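The values are calculated or read from the model by the stated rules, or taken from the named source; none is laboratory data. Keep in mind that this is a model prediction, so the values were computed, not measured. Please note: Cβ atoms are built from the backbone with ideal geometry, for glycine as well, and neighbour counts cover all protein chains shown.
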Amino acid sequence: MRGKSRREGAISFTFDGRKIECDADVSVAAALANVGEFHLRTSGEDDQRGIFCGMGVCQECRVTIDGVHGMRACMTSVRPGMEVQRGGIPGLTNSRAEHQLQEQSAVVEPELLVIGGGAGGLTAAAIAAEAGVDVVLLDERPSKGGQYFKQPAKQDLLHESLLDDNQIVTGRKLLDRVARSGAKIVNRAEVWGAFVPGEFAVHDGNGSTIYRPKKTIVATGAYERGMPLPGWTLPGVMTTGATQGMLRNYGTVPEGRIVIAGNGPLNLQIALELKRAGADVRLVAELSNPSALTWIGSGLKMALNVPRFATDGIAYLRGLKKAQVPVRFGHCLLGITATPDGLEASIGRVRGDAVDPIETIAADVVCMGYGFQPSNEILRCLGCSHQFDDWRGHLVAERDNECETTLPGVYAVGDCAGLSGAPAAMQDGTLAAVAVVRSLGYSVSAKHDAERQRALRARPHHRAFQSALWTLFHARRISTQLATEETTVCRCEAVTLGDIEAAVKDGATSLGGIKQRTRLGMGPCQGRYCAANAAEFLADRTGEAVDEYSYFAPRPPLKPMRIEDIVGRAKL
């Protein structure tokens with residue numbers, strides 16, 4: 001079986017009575033995908049759902065584990081003998097829940113709080129702690145490294161095809177640096193509240209802790225953009241990042257035939273990684289269709305600014321060609337249907353503003369990767385100003401040259417402030433950390449000043465590289481254009497495009513108005529996958545440009561939380 005881990009039968013658990021064998025420390029979602037189990041819960045009467053984002057954002061993979069409802073399969077590690085059931089109607093936890101509740105929140109007051117353990121957050125934490133700053137780094141995921149530096153949950157889960165992978169090796173070195181620096185890392189820590197002037201409520205699995213730092217660096221990264229089209233909520237349809245996470249974190253790939261569709265070089269990278277790991281990748285459909293002149297111009301600009309990354313892109317294409325994986329530029333995913341044999345992906349050819357259907361491809365897994373949205377909820381909740389970037393299609397935080405936001409003492413680094421990639425996030429982390437060190441009265445060493453100077457020199461080159469990359473893969477941004485009236489836009493509340501259109505005809509002129517009429521954005525993901533698409537749909541209908549106030553206003557709890565986990569059982 002292609003998706004199997006290299007070490008089978010280390011432990012076992014049950015899924016709806018079926019015995020599942022897997023390696024220890026893999027996620028429940030990875031273990032189930034490994035054996036072809038993609039249907040994880042039922043929404044409504046018979047609307048089947050499964051893992052989608054793979055990073056704890058969409059909440060689609062909620063299952064019942066040992067009697068505890070609403071557990072995210074992608075964020076929960078397997079335990080021997082655990083009983084997993086498909087999720088259904090949420091309920092209260094029972095006496096088998098294995099957690100302790102605090103009757104009163106503890107208060108922690110570090111000099112610097114870093115939120116997010118990806119490239120930017122790790123870099124900032126290491127530099128600040130090396131300078132003597134009291135640093136606490138919070139990360140909500142069980143595995144370290146963020147999305148770019150994804151690390152295996154444990155070393156013997158590292159897939160043999162990734163033994164020399166540069167991202168894993170570089171990420172491991174950065175994590176080692178953080179460990180030596182003395183910064184305290186708290187994993188599985190979810191920030192559910194952010195309050196001005198700088199107070200954060202955090203749940204770590206046992207109870208809530210209040211953090212009151214002198215300075216804060218937000219480095220929460222990004223998540224993959226949702227693109228509603230027929231069938232995108234079916235089990236077996238997931239983001240490309242979800243499949244990469246299963247491979248890099250747990251050494252496993254989804255079982256069966258895989259079709260990848262989207263926009264951007266990450267899809268090419270993931271397709272090649274999956275193929276080298278033994279996956280059955282049938283097709284990569286890329287939305288953009290650059291001309292020969294664009295290839296030459298953008299390629300030259302990328303090569304002049306960051307040669308190594310330009311070479312990587314060429315290597316992805318050559319590797320896929322050698323592996324006989326078709327890559328079709330100017331093609332788009334139109335929809336997915338369920339069949340007795342799995343799924344069928346409808347692929348179309350892009351012709352200007354139209355997409356003409358040309359074929360259907362049988363698959364077991366369909367991966368979608370149509371760009372990203374910044375995870376900026378904490379920044380926006382604090383009141384940091386943002387501007388809408390129409391070219392990139394997302395909000396960008398207003399920052400000074402050292403990444404401080406419009407709220408003094410709060411810094412934003414990496415993709416949460418505006419998509420720019422992992423190298424730029426590390427540069428941001430360096431600049432923000434040195435600024436924090438100075439502002440707290442610590443001396444900046446020659447080593448750290450040299451790192452700051454290198455970051456300042458590298459920044460324009462990476463920005464030029466990103467600009468050329470966006471030009472090369474530039475394509476019409478699709479929000480709801482491929483959806484039908486019956487297509488679900490809000491995955492959590494099953495709000496269709498037809499429901500949204502009816503709300504607009506009924507007089508709704510804002511997302512809030514649509515929300516009042518349809519419940520759009522009121523589900524567990526809190527609008528992360530529907531708000532951007534609905535905002536663009538509304539802007540198209542009203543003629544008003546999207547701006548900072550076109551989205552839902554974030555408010556605590558920023559992630560779904562049980563009341564008992566916030567206040568403690570004695571206070572219920």
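Working carefully through the options Gly498, Gly507, Gly513, find the one that is surrounded by fewer than 18 Cβ atoms within 10 Å (Cβ to Cβ), under 13 Å from Pro228 (Cβ atoms) and not assigned by TED's automatic domain parsing to the domain that holds Arg351.
On inspection, the qualifying residue turns out to be Gly498.
Answer yes or no: is there a residue in the range 433-451 that is in contact with a Pro (Cβ under 6 Å, 6 or more places away or on another chain) and among the small types (Gly, Ala, Ser).
Applying the first criterion (in contact with a Pro (Cβ under 6 Å, 6 or more places away or on another chain)) to the range 433-451 yields none.
Among the residues of the range 433-451, not one is in contact with a Pro (Cβ under 6 Å, 6 or more places away or on another chain) and among the small types (Gly, Ala, Ser), which makes the answer no.
If you take just the strands (runs of 3 or more DSSP E) that sit entirely in the range 101-150, which of them hold at least 1 residues that are of a type outside the set (A, V, I, L, M)?
135-139
Return the only residue of Leu382, Leu456 being over 28 Å from Asp312 (Cα atoms) and not polar (S, T, N, Q).
Criteria check complete, one pass: Leu382.
Report yes if Thr239 is within 19 Å of the chain's Cα centre (by Cα) and surrounded by fewer than 23 Cβ atoms within 10 Å (Cβ to Cβ), otherwise no. First the steps, then the outcome.
On the way: within 19 Å of the chain's Cα centre (by Cα): yes; surrounded by fewer than 23 Cβ atoms within 10 Å (Cβ to Cβ): no.
No.
State which residue is surrounded by the most Cβ atoms within 10 Å (Cβ to Cβ) when the search covers only the range 516-551 and only residues that are more than 21 Å from Arg392 (Cα to Cα) and of a type in the set (A, V, I, L, M, F, W, C).
Leu520
Of the numbered conditions (1) more than 24 Å from Phe149 (Cα to Cα); (2) modelled with pLDDT under 95; (3) not hydrophobic (A, V, I, L, M, F, W, C), Gly441 fails exactly one; give the number of that condition.
(2)
Within the range 443-473, how many residues turn out to be assigned to a loop (DSSP other than H, G, I, E, B), assigned by TED's automatic domain parsing to the domain that holds Gly120 and surrounded by 15 or more Cβ atoms within 10 Å (Cβ to Cβ)?
Within the range 443-473, residues that are assigned to a loop (DSSP other than H, G, I, E, B), assigned by TED's automatic domain parsing to the domain that holds Gly120 and surrounded by 15 or more Cβ atoms within 10 Å (Cβ to Cβ) number 2.
In contact with a helix residue (DSSP H, G or I) (Cβ under 7 Å, 6 or more places away or on another chain) and surrounded by 14 or more Cβ atoms within 10 Å (Cβ to Cβ): which single residue out of Tyr370, Tyr316 fits that description?
Selected residue: Tyr316, the only one of Tyr370, Tyr316 that is in contact with a helix residue (DSSP H, G or I) (Cβ under 7 Å, 6 or more places away or on another chain) and surrounded by 14 or more Cβ atoms within 10 Å (Cβ to Cβ).
Output the residue which, of all residues in the range 482-509 that are of a type in the set (Gly, Ala, Ser) and in contact (Cβ under 8 Å) with a residue 40 or more places away in the chain, is farthest from Pro554 (Cα to Cα).
Restricting to residues being of a type in the set (Gly, Ala, Ser) and in contact (Cβ under 8 Å) with a residue 40 or more places away in the chain, the top hit is Ala483.
With surrounded by 17 or more Cβ atoms within 10 Å (Cβ to Cβ), touching a residue at least 40 places away in the same chain (Cβ under 8 Å) and touching a Phe, Trp or Tyr at 6+ places or on another chain (Cβ under 8 Å) as the only criterion, which of Leu122, Leu158, Leu137 stands out?
Leu122
Identify, from the list Arg248, Arg257, the residue that is within 18 Å of the chain's Cα centre (by Cα) and basic (Lys, Arg).
Values: Arg257 fails: within 18 Å of the chain's Cα centre (by Cα).
Unique residue meeting the criteria: Arg248.
Based on this model, can you work out whether Ile217 counts as surrounded by fewer than 21 Cβ atoms within 10 Å (Cβ to Cβ), at negative phi and not in a loop (DSSP other than H, G, I, E, B)?
For Ile217, the condition - surrounded by fewer than 21 Cβ atoms within 10 Å (Cβ to Cβ), at negative phi and not in a loop (DSSP other than H, G, I, E, B) - is not met.
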